Each structure stands twice: as structure tokens, then as C-alpha cells.
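The values are calculated or read from the model by the stated rules, or taken from the named source; none is laboratory data. These figures come from a predicted structure and were not determined experimentally. In this analysis, Cβ positions are derived from the backbone assuming ideal geometry, glycine residues included, and neighbour counts consider all displayed protein chains.
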Amino acid sequence: MNMLFRGGRVFTPRGVTAEAVLVRDGVIAAVGSERDLARQVHETVDLNGALLVPGFTDAHMHPVQAGLERAKCDLSEDFGLETYIEKIADYAAKNLDKEWIDGGGWDMSAFPGGLPHREQIDFLDRPAYLIQRDHHAAWVNTRALERAGITRGTPDPADGRIERDADGAPTGVLHEGAMDLVGLLTPRPTAQDLQDALADAQRYLFSLGVTGWQDAIVGSYAGSGDQLPTYVAAARSGLLRARVVGALWWDRTRGLEQIEDLIARRASAEGLDRFSATSIKIMQDGITENFTAATLEPYCLCGGTGLSYVDPYKLREYVGELDRHGFQVHFHAIGERAVREALDAFEGTDPANRHHIAHLQIIEPSDVPRFAALGVTANLQPLWATHHAQMDELTLPFLGEPRSSWQYPFADLLAHGARCCAGSDWPVSSADPLQGMHVAVNRTEPGGSVHAGYPTAQTPFLPGQRIDLATAMTAYTAGSAWINRSPAGLIEPGRPADLVVLDRDPFALPPGEIWTTGVRMTFVDGEPVHERP
């Protein structure tokens, strides 16, 4: 069947340069003028003056984890202690059969100093384990600490920290690797739970125009269960319609001996149409807000230079061996030392493996040109590059200058020739690519976000690092599809018809209104997978 998308404009590899797209049997057959293509049509989709874009690909997200959290005590759409307590109490009352109150999504900036306390949720009659929105800390109550045997005398793990009161008593906040002290005691998701979580996440992502992604942790981490069998089963059954790459988790407690296991895990997904497990995720540091991001110089006021989770000398050997086995390496690196350690590890690797570094909050300026020189892609999470409480109150005072001015240098990376892709880190932040594009262009909070009313939210954050809308949209489409070796991501003949009909044309809007753009319809292989009522 032939289908014509008409009545609007089309975002092509050359920009907004066409007005119609012809699809034949799920593949883009032609791109051009409506008059030239109309004779070959059986069915039409009226763009109604809006924009047709390629399906978005998110280069760094956690959909199965997000789906699990959406089914639990989900605080991600709320803000403030009073609201959190109300939501937690309501969830507990409605789920009397649950042994644990678990879930997450709380925001550090909702608490003085970024830290909640166990006493605030000690009203619960069961242990509680609530993951922070960024997934780098957990908030637990006294019952949970007792269940785990955590006391004043419990030492911090090597890759984490137990937050403590002045007298040494645990406060109920567990950072990084310390999360597992309680997290591994919570109920394990069943295979059906994981399958349901993936299905729910895919439905939601289709509603945002996301037709492909890279799952940035596929493996047992933070109590989420191993998602690899979930993806394999979903791809075989036809449940998985999106185009997905799984980044297999690098266990930082092990070394080179795990590569044999990773090769076997990759092989278990070979031959599948919608899923492959060809990437390896290495988390090299934590986050700035709890001082675990790896920095070159000590944090202001509190000292310390954060954590490098993998010894940087061993890291080079690990990455080199992964590269030789044809794996793509996908780094988490927030602090400037972690970014440098990742870049150092990529020296001498094969750019054809399409290695990338995600987050890139702080890059020491001399390291910016190394991305292009090494053929390493910059994986951007634009939503974080704004003035909001977490930035202004929990980050800037501790980074100081000039380090604060090195954050999220999108324009500098592009000016030095870096290839860019983009993602959300959902459920850490919104999965909506159009919200991310708004921030990339404006460096201000989108309207409607929980931080939009913060006093400086509409003051551009390091405005010299803005990028234009076409560049941002390319990162979320062709850039991220390239990272995944996906045939989609571009509107040109021969590509799969993974397409998104927007409800307006963001290129025709004032830059400050990009965030108002929504998704009307989403297609995969020319078949509708979402239509807004």
C-alpha cells in the first residue's frame, strides 16, 4: 500500500526542504513536492501545516527500569517533601499486601542540602526503599536500615557512601554502591513484571515519537533484574516494535575475565530484527551533587575529588580488549576527570565501533577537541543544562570557577568537529525529545517542568553553548540512529518509514516556544503505533 504524508513540511538531511513523503510497503519511496508524488497515492496523512520528522532515537535511557518505577511508588512527576509524603502514604494505604514500599523519583533539590532523612518516612509500617531521580542515591527508613543491619559501625563500601548524622548514625540516604546494601533486599521483579514494564515504556515512548533507543544498563544493577532475556523474548514474540540496542553492564567488581561472558550475552541476541546487545556500559563516576563525580581538583567547600569506579590504568586495558572484540563502549562520565579517563581509554581504538561518552557535564577545555580526534561521539543529555535548584544550590557552589563554566559545552564540541547524539536518561529526566531540544536551543527550563518556576529557570545557562534547532533535532534522529547502527533516523528513499507527525512546526515558532510542540502520530515501518486522541 502507498501512503502520502502531505500538507505540511518535512525535516530531511538537508533541513526543512520538502513538503511530502511517499511510503510504499513500510519504506520511504520518495521525498519531494506534493504535486509530484500525489499521483501514486492510495492513502494520505494530512500534516495539517505541521512538521514530519524521523522517529526519534534516544541514545541513553532506561525504559525497563522506568516501566518498573511507573508501576511502584512513582514520585517523578511530583516535587517537595509534603507532596512526597502524601504520595508515599497514599501508595502504602493502597498496597497493604506489599512487604516493601519501593519506587522512586524524588529530587535532591526538594530537600535542604539535597538530603532527605529516614525519620521523614518512619511513619511507614514497612521498610521503604525509594531511589533518587538521578538513580545515584536511595532514601530509606529506619526499618529498612534495620533489615539490612546498617548501623553506626557499618563501613562505607568502596564505591559508595552511607550518609550519617553528626553522631555517626545513618541518616537513611545511601549513595552510589551503598544503595545495594538495602536495594538487593527488596523484592526481585518477575519475568512478567519486566515484560509488562517494557510494554508500558514502549507505549509511552511511542506517544513521544521515540521509535528507537539504547538501553544504557542491560544487566543486574540496583535490584532491577537482568533485562537481556526480557528484550530477547520481546523481540522474538513481536512485542518489541522499536529498534533497540542494549548496553551490557560492565561489572566494576570484575576484570577482563567477564569479557567471555559478555561475548556469550551478545551472541544470545544475534539474528533478532529489533534488538541487539552490541554495546558495553561502563559507569566511570557518580554525580556532582553528592560529590562522587570524578574531578581534577577538589570540590569547593567540602573537598575531595570524587570517585573513579574503574581504575583508569586498568580501564585502558579493558576498553582496548572490548574494542578488539568489536564491542561499542558506552561511558557514563560526569566529572572532568572521568571524561578524561574515558578519552584516554579510547586512545588507539577503532572509530568504526562507534564508541560514545554520555552526560559530559564537565569537560576540561583541552579535552574538547579530543572527541573528534579520537572519533568518539558526544552523547548529550540537554535537559540538564539549565538553571534549576539542583544546579544553582547543589552544584555551582561546589564546582567554583572556572569549572562551572565548563559544563555541557555543546557548541564547543560541535565547533571542534565532534559527532553528537542525544538522549534523556529517562526516568532520570523527561523522555520527551522536544523538551530536550528546547533546552539545547535556549539553555532555559521548558515551561511545564517542575523547575519552570525556579527564580533563575528562564535565565539562559551558559548561553554561549546554545545550538540551533536543526542541529539538536539531527542529534535526536540521525545522530542517535547512527550510534545504534539503525537504518532509520533520516527521511530519504530506502529508509524504514519510522516517522513522527508533530502537532505544529517548531521551526516556525519563537525559540522560547519549542517546548509547546507535541506528537500527533507515530509510525514504525509505515504502521501507526500511536495516535493522539
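Each residue in the stretch 317-341 was checked for being of a type in the set (A, V, I, L, M) and within 20 Å of G246 (Cα to Cα), and 4 pass. In the condition set (1) touching a helix residue (DSSP H, G or I) at 6+ places or on another chain (Cβ under 6 Å); (2) crowded, with 21+ Cβ neighbours inside 10 Å; (3) not charged (D, E, K, R); (4) not in a helix (DSSP H, G or I), G306 is compliant with all but (1). Within the set I357, I362, the sole residue that is among the hydrophobic types (A, V, I, L, M, F, W, C) and touching a Gly at 6+ places or on another chain (Cβ under 9 Å) turns out to be I362. Within the stretch 514-525, restricting attention to residues that are out of contact with any helix residue (DSSP H, G or I) (no Cβ under 8 Å at 6 or more places or on another chain) and surrounded by fewer than 19 Cβ atoms within 10 Å (Cβ to Cβ), the residue that is farthest from E43 (Cα to Cα) is T516.
Applying the condition of being within 18 Å of A294 (Cα to Cα) and touching a residue at least 60 places away in the same chain (Cβ under 8 Å) to the stretch 357-378 and asking which residue is surrounded by the fewest Cβ atoms within 10 Å (Cβ to Cβ) yields E364. When the residues of the stretch 275-290 are narrowed to those that are touching a helix residue (DSSP H, G or I) at 6+ places or on another chain (Cβ under 7 Å) and in a loop (DSSP other than H, G, I, E, B), which ends up farthest from I334 (Cα to Cα)? Taking the candidates together, the pick is Q284. Looking only at residues in the stretch 149-168 that are of a type in the set (A, V, I, L, M) and either touching a His at 6+ places or on another chain (Cβ under 8 Å) or modelled with pLDDT of 95 or more (or both), the one that is nearest to H62 (Cα to Cα) is I162.
Can we say A481 is of a type in the set (G, A, S) and crowded, with 16+ Cβ neighbours inside 10 Å? Spelling it out, A481 is indeed of a type in the set (G, A, S) and crowded, with 16+ Cβ neighbours inside 10 Å. Taking (1) crowded, with 19+ Cβ neighbours inside 10 Å; (2) hydrophobic (A, V, I, L, M, F, W, C); (3) in a loop (DSSP other than H, G, I, E, B) in turn, L272 satisfies each apart from (1). Inspect all residues belonging to the stretch 379-388 and state whether any of them is among the hydroxyl-bearing types (S, T, Y), under 19 Å from D468 (Cα atoms) and either buried (at least 24 other Cβ atoms within 10 Å of the Cβ) or touching a helix residue (DSSP H, G or I) at 6+ places or on another chain (Cβ under 8 Å) (or both). Yes, the stretch 379-388 has at least one match.
Selection of first residues in the stretch 258-276 that are over 14 Å from G326 (Cβ atoms) and of second residues that are acidic (D, E) and surrounded by 10 or more Cβ atoms within 10 Å (Cβ to Cβ), restricted to Cβ pairs under 6 Å at least 6 apart or on distinct chains, gives the following pairs, ordered by first then second residue: Q258/D251.
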